[in-house]
1. Of the listed peptides 138-146, 10-18, 244-252, what is their order by residue-averaged count of other C-beta atoms within 10 Å, with the highest listed first?
2. Quick one: divide the alpha-carbon radius of gyration of the stretch 141-192 by 2.2 N^0.38 Å and tell me what you get.
3. Normalise the Debye intensity by I(0) for the stretch 105-218, one equal point scatterer per Cα, no solvent, then take log10 at q = 0.13, 0.17 Å⁻¹ and round to two decimals.
4. Determine Rg/Rh for the stretch 34-97; Rg is computed over alpha-carbon atoms and Rh is the Kirkwood hydrodynamic estimate from the same atoms.
5. Output the peptides 51-60, 168-177 sorted from most to least packed, where packing is the average of other Cβ atoms within 10 Å over each peptide's residues.
6. In 5 Å bins starting at zero, report the fraction of Cα pairs in the stretch 5-209 per bin as a rounded %.
Amino acid sequence: MNRSVAILMAVRNGQEYLKPQLDSFLNQTYKNWCLYVSDDGSTDSTAEIVNNFYLSHPEIFGFLKKGPCLGFCQNFQSMINDEKIIADYYAFSDQDDIWLPEKIENAVRFLDSVPSDTPALYCSATTLIDQADNIIGESLSPNKALSFANALLHNVASGNTMVFNHKARELLMAASSEEMVVHDWSLYQIVSACNGRIYFDHTPGVLYRQHSNNVIGDGRNIFLRVRNFFSSFKGNRADWNKRNKTVLDKIVAHFGENEKKVYYNYNNISKSNFLKRIYFYIKSGVYHQYKLGTLSTIIYVCVGKM
């Protein structure tokens, strides 16, 4: 177990919590990693902190690059598409969390068990912390199988827990698009669609910081979930599906046969009248991990907001 791991860290004005995140890399039990940082136009001391980290630890290979300044998703995609970044495995990292010491080791143990020509994705639960590092809860964990039929509806894990192999990266590169909604959701969809293997570790690997600047958050916030439900009636869900389709259409030739059928039926939901929407929804077999999400999906299908 000595495969190389490239940490892909997207940053923007992250000076407040950046040092603890960087220190948590140093505390990893697995040592064969390198660090690539893409700075999306920071105006604070973020770049200085990163450069000082490299200077203080010359044994760490990697570099700081200028991001595209098109949002966090495009920032992560810029690293995925950077041919100068090469490793056996890749790990997404935010700028404000704390990785627990065995995070990389646990991920590598799973990825090593998968043939290199099979796309593979490791992800995990998280422990939620506040701005002062106080533990405030645990993230939601999936209680149903991880599959493409689930991935079409929603993501199951935070991108800051995801570690994946080179085959998964190749597929993500092939599907790269400005239309991508969220990089981690697309990765779950892609690996599950292309006969990949996915492992969700119910043991938390990250202290996931919750604060006002979080772009997405952990998914437990009821207010945000209700707000997202109503925003879907304004077209958010339909827009996400359209954009996800733009991404997935690029690699549909790599889909498993069953996944092609799921995809065909799911895409027909939005094109159909009421009765056919119900028919294609049932035939697609798509499902949500949680009851509220299932109810929301049924309502979206019935009112034609998919």
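Just so you know, all these numbers are worked out from the coordinates, no wet-lab data involved. Please read all numbers here as calculations on a predicted model, not as lab measurements. No Cβ is skipped: glycine too gets one built from the backbone with ideal geometry, and neighbour counts run over all protein chains shown.
1. Final packing ranking: 10-18, 244-252, 138-146.
2. Rg over 2.2 N^0.38 Å, computed on Cα atoms: 1.10.
3. Taken in order of the listed q values, log10 I(q)/I(0) reads -0.50, -0.84.
4. Values: Rg = 11.8 Å, Rh = 12.6 Å.
Reported Rg/Rh (Cα atoms, Kirkwood Rh): 0.94.
5. Numbers: 51-60: 12.0, 168-177: 19.5.
Descending mean neighbour count gives 168-177, 51-60.
6. Histogramming the stretch 5-209 at 5 Å steps yields 1, 7, 16, 20, 22, 18, 10, 4, 1, 0 percent.
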